[in-house]
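J.: Got a structure for you, questions after.
The values are calculated or read from the model by the stated rules, or taken from the named source; none is laboratory data. A quick note: this is a predicted structure, and the numbers were derived from the prediction, not measured. Ideal geometry is used to build each Cβ from the backbone, glycine not excepted, and the neighbour counts take in all protein chains shown.
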């Protein structure tokens with residue numbers, strides 16, 4: 001783990017590449033994860049993009065359409081789907097079945113498998129988000145960030161949100177002894193987190209200060225706020241980024257402390 | 001026939017240890033101790049494994065075998081004791097150790113949805129100088145299963161794949177834990193042949209098993225572990241012999257047999273008549289003594305049979321002793 005990618009020998013790089021390739025093949029062979037992380041958000045994009053009422057600019061939403069508001073929500077959804085549904089189940093089943101134990105007897109430590117899993121999660125998230133943005137902008141007139149500043153803020157917001165949701169997933173993987181338990185814990189977090197990203201109804205439309213405040217301190221709400229502002233050409237402020245960094249730090253420390261290889 | 005039998009066992013006792021001290025030690029374990037809470041898993045365990053031998057670690061389930069193996073392979077830190085494997089410290093030099101020691105552990109697996117060929121290619125990439133994966137797959141009879149998912153392999157195929165993975169790094173030592181557990185007798189015998197082939201390649205093998213037959217058939221030397229302690233360490237044959245404090249000879253005398261002729265012998269402890277058959281119990285060189293006494297008295301006998309001990313008897317005899325020691329505070 002302490003070895004950075006830059007100091008890997010060619011042999012180690014090849015081993016890591018094969019680990020990542022193997023995990024990608026497994027993700028394709030058991031495509032439930034792909035369906036949730038890429039298929040569902042894409043389907044929602046197509047549905048809401050096709051309804052004229054949702055793509056019309058609305059004065060109540062500050063002159064943008066519901067669709068423009070919803071795409072950042074879908075991007076956050078991709079990230080929690082990748083971090084919370086795929087990663088913890090896979091890692092806890094690897095631990096339960098003895099896959100991590102098997103690897104611990106080789107010169108390559110099982111932490112590499114965790115790193116490979118994380119890499120695959122990031123790749124899946126990037127694909128899911130690229131599809132959303134490509135299809136959204138291409139077919140449904142999605143407004144992308146206006147300038148380089150907005151682009152950079154969006155990328156930073158996406159990366160931090162991804163780090164936070166993957167961190168949460170690793171904490172679940174750390175404490176769950178079996179994939180069933182991981183699934184149960186995940187379900188407990190998944191729907192509230194999805195709610196505060198505005199998946200069911202935009203948080204702005206609830207008009208509750210409490211809900212708005214809770215959203216601000218949750219990784220999904222903070223991620224949404226940052227993305228929404230950056231896409232709309234406004235300044236997201238520092239708060240969402242600080243909240244996300246906080247979640248990343250807390251989750252990484254907790255996962256590192258709690259993770260058991262057997 | 002009985003005397004031949006005796007001769008054979010005698011020869012085994014006096015024969016030099018096949019892979020004796022002339023060969024360099026590759027694993028040195030001294031005064032190993034490990035506790036889990038109040039349970040003593042290993043208690044003052046010491047043994048040495050020499051290059052090129054098949055060394056058995058034999059014991060009941062829960063005797064401490066797997067803990068011993070985990071300490072040797074650097075997966076667990078003992079509370080006390082010294083371990084050297086190929087001159088390395090298993091904890092400190094873990095990565096180097098894993099380059100040179102192949103390990104097959106119980107309760108270990110590869111991902112369900114990886115194909116045999118993919119797993120072997122992946123594991124080969126972990127090692128400095130990997131073996132030819134295709135050749136190993138062929139040697140272990142997995143050629144037809146190359147494209148099969150791990151979860152679709154039979155129990156025997158999974159075990160053979162685990163041997164492939166234990167050998168893929170071209171190890172100097174292969175540690176195989178409960179390799180044949182759960183296999184049917186035919187698959188087990190097939191696996192034994194494979195292990196002998198692996199040894200023929202010059203690989204030292206540490207075989208952990210609770211099958212007496214397996215240890216007897218394969219191992220040059222066996223450490224018998226019970227309740228975390230090494231209760232005996234020797235060649236399987238010698239262990240069996242040492243454990244037989246009492247032996248029995250059955251014979252059917254053709255001529256009348258005076259009662260005191262045999263009971264007077266110092267080797268004999270009891271003589272029983274079962275119809276025409278006589279069962280003589282005793283110790284030491286019992287068969288020779290009985291046969292010579294009959295011969296001197298001019299009595300002919302037929303169907304002379306000895307009940308020879310095997311490793312299973314040794315196992316029971318040796319582990320029974322330690323069961324008694326249980327009351328002296330040895331926790332299980």
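J.: Tell me whether region B:137-155 contains one or more residues that are touching a residue at least 12 places away in the same chain (Cβ under 8 Å), within 12 Å of chain A (Cβ to nearest Cβ), out of contact with any strand residue (DSSP E or B) (no Cβ under 8 Å at 6 or more places or on another chain) and closer than 21 Å to residue A:90 by Cβ. Walk me through it before giving the result.
T.: Step one: of region B:137-155, the residues touching a residue at least 12 places away in the same chain (Cβ under 8 Å) are B:137, B:139-142, B:145-151, B:153, B:155.
Then drop every residue that is not within 12 Å of chain A (Cβ to nearest Cβ), which leaves B:149-151.
Those left that are additionally out of contact with any strand residue (DSSP E or B) (no Cβ under 8 Å at 6 or more places or on another chain): B:151.
Filter once more, so that each one left must be closer than 21 Å to residue A:90 by Cβ: B:151.
The answer is yes; a qualifying residue exists.
J.: Would you mind finding the one in B:208, B:249 that is buried (at least 18 other Cβ atoms within 10 Å of the Cβ), assigned by TED's automatic domain parsing to the domain that holds residue B:138 and touching a helix residue (DSSP H, G or I) at 6+ places or on another chain (Cβ under 8 Å)? Show your work before the answer.
T.: Working: B:249 fails: assigned by TED's automatic domain parsing to the domain that holds residue B:138.
Step by step, each of B:208, B:249 is checked, and only B:208 is buried (at least 18 other Cβ atoms within 10 Å of the Cβ), assigned by TED's automatic domain parsing to the domain that holds residue B:138 and touching a helix residue (DSSP H, G or I) at 6+ places or on another chain (Cβ under 8 Å).
J.: Determine whether residue B:303 is touching a strand residue (DSSP E or B) at 6+ places or on another chain (Cβ under 6 Å) and either more than 30 Å from residue B:41 (Cα to Cα) or at pLDDT below 70 (or both).
T.: On the way: touching a strand residue (DSSP E or B) at 6+ places or on another chain (Cβ under 6 Å): yes; either more than 30 Å from residue B:41 (Cα to Cα) or at pLDDT below 70 (or both): yes.
It is true that residue B:303 is touching a strand residue (DSSP E or B) at 6+ places or on another chain (Cβ under 6 Å) and either more than 30 Å from residue B:41 (Cα to Cα) or at pLDDT below 70 (or both).
J.: Only one of A:174, A:194, A:187 is surrounded by fewer than 24 Cβ atoms within 10 Å (Cβ to Cβ), under 14 Å from the mean Cα position of the chain (by Cα) and farther than 24 Å from residue A:151 by Cβ. Can you tell me which?
T.: A:194
J.: Can I ask one more? When residues of region B:1-24 are filtered for being crowded, with 16+ Cβ neighbours inside 10 Å and modelled with pLDDT of 50 or more, how many remain? I'd like the intermediate steps shown before the answer.
T.: The initial filter retains those residues of region B:1-24 that are crowded, with 16+ Cβ neighbours inside 10 Å, namely B:2, B:6, B:9, B:19.
Right, trim to modelled with pLDDT of 50 or more and you get none.
Residues flagged as crowded, with 16+ Cβ neighbours inside 10 Å and modelled with pLDDT of 50 or more within region B:1-24 amount to 0.
J.: Let me ask another. Can you find even one residue in region B:99-106 that is within 20 Å of residue B:70 (Cβ to Cβ) and more than 28 Å from the chain's Cα centre (by Cα)? Walk me through how you get there before you give the answer.
T.: At the first step, the residues of region B:99-106 found to be within 20 Å of residue B:70 (Cβ to Cβ) are B:99-106.
Next, from what is left, pick out any that are more than 28 Å from the chain's Cα centre (by Cα): none.
Looking for residues that are within 20 Å of residue B:70 (Cβ to Cβ) and more than 28 Å from the chain's Cα centre (by Cα), one finds none in region B:99-106, hence no.
J.: I need the full set of residues from region A:226-237 which are surrounded by fewer than 24 Cβ atoms within 10 Å (Cβ to Cβ) and either part of a helix (DSSP H, G or I) or at pLDDT 95 or above (or both), in order please. Before you say what the answer is, go through the steps one by one.
T.: Of the residues in region A:226-237, the ones surrounded by fewer than 24 Cβ atoms within 10 Å (Cβ to Cβ) are A:229, A:232-237.
Matches in region A:226-237: A:229 only.
J.: Another question, then. List the number of the failed condition for residue B:216; all other conditions in (1) in contact with a helix residue (DSSP H, G or I) (Cβ under 6 Å, 6 or more places away or on another chain); (2) in a strand (DSSP E or B) hold.
T.: Checking residue B:216 against (1) in contact with a helix residue (DSSP H, G or I) (Cβ under 6 Å, 6 or more places away or on another chain); (2) in a strand (DSSP E or B), the one that fails is (2).
J.: So in region B:92-109, with the set limited to residues that are at the interface with chain A (Cβ under 7 Å from one of its Cβ atoms) and free of Cβ contacts under 8 Å to residues at least 24 places away in the same chain, which one is farthest from residue B:61 (Cα to Cα)? Lay out the reasoning, then the answer.
T.: Of all residues in region B:92-109, those at the interface with chain A (Cβ under 7 Å from one of its Cβ atoms) come to B:95, B:98-99, B:103, B:105, B:107-109.
Remaining after also requiring free of Cβ contacts under 8 Å to residues at least 24 places away in the same chain: B:95, B:107.
On the way: B:95: 29, B:107: 14 Å.
The extreme case among them is B:95.
J.: I've got another one for you. Counting residues that are within 11 Å of another protein chain (Cβ to nearest Cβ) and exposed (fewer than 15 other Cβ atoms within 10 Å of the Cβ), which helices (runs of 4 or more DSSP H) fully inside region A:1-106 reach at least 3? Write out each step before concluding.
T.: Values: elements: A:10-29, A:40-50, A:52-55, A:66-80, A:87-97, A:99-103.
Because the criterion is at least 3 residues that are within 11 Å of another protein chain (Cβ to nearest Cβ) and exposed (fewer than 15 other Cβ atoms within 10 Å of the Cβ), the helices (runs of 4 or more DSSP H) in region A:1-106 that meet it are A:10-29.
J.: Another question about this same structure. Would you check which residues across region B:110-127 are within 7 Å of chain A (Cβ to nearest Cβ), in a loop (DSSP other than H, G, I, E, B) and out of contact with any strand residue (DSSP E or B) (no Cβ under 6 Å at 6 or more places or on another chain) and list them?
T.: Step one: filter region B:110-127 for residues within 7 Å of chain A (Cβ to nearest Cβ), giving B:110-111, B:113-114, B:118, B:121-123, B:125-127.
With in a loop (DSSP other than H, G, I, E, B) added as a condition, the list becomes B:110-111, B:113-114, B:125-127.
Correct list: B:110, B:111, B:114, B:125, B:126, B:127.
J.: Run down B:164, B:198 and say which single residue is touching a strand residue (DSSP E or B) at 6+ places or on another chain (Cβ under 9 Å), assigned by TED's automatic domain parsing to the domain that holds residue B:70, surrounded by 15 or more Cβ atoms within 10 Å (Cβ to Cβ) and free of Cβ contacts under 8 Å to residues at least 60 places away in the same chain.
T.: Details: B:164 fails: touching a strand residue (DSSP E or B) at 6+ places or on another chain (Cβ under 9 Å).
Only one candidate passes the filter, namely B:198.
J.: Mind checking which residues of region B:128-166 are over 22 Å from residue A:24 (Cα atoms) and part of a loop (DSSP other than H, G, I, E, B)?
T.: B:128, B:129, B:130, B:131, B:132, B:140, B:141, B:142, B:154
J.: If the requirement is being within 13 Å of chain A (Cβ to nearest Cβ), within 20 Å of residue B:31 (Cβ to Cβ) and either touching a strand residue (DSSP E or B) at 6+ places or on another chain (Cβ under 9 Å) or buried (at least 24 other Cβ atoms within 10 Å of the Cβ) (or both), which of these qualifies: B:73, B:77?
T.: Numbers: B:77 fails: within 13 Å of chain A (Cβ to nearest Cβ).
The unique qualifying residue is B:73.
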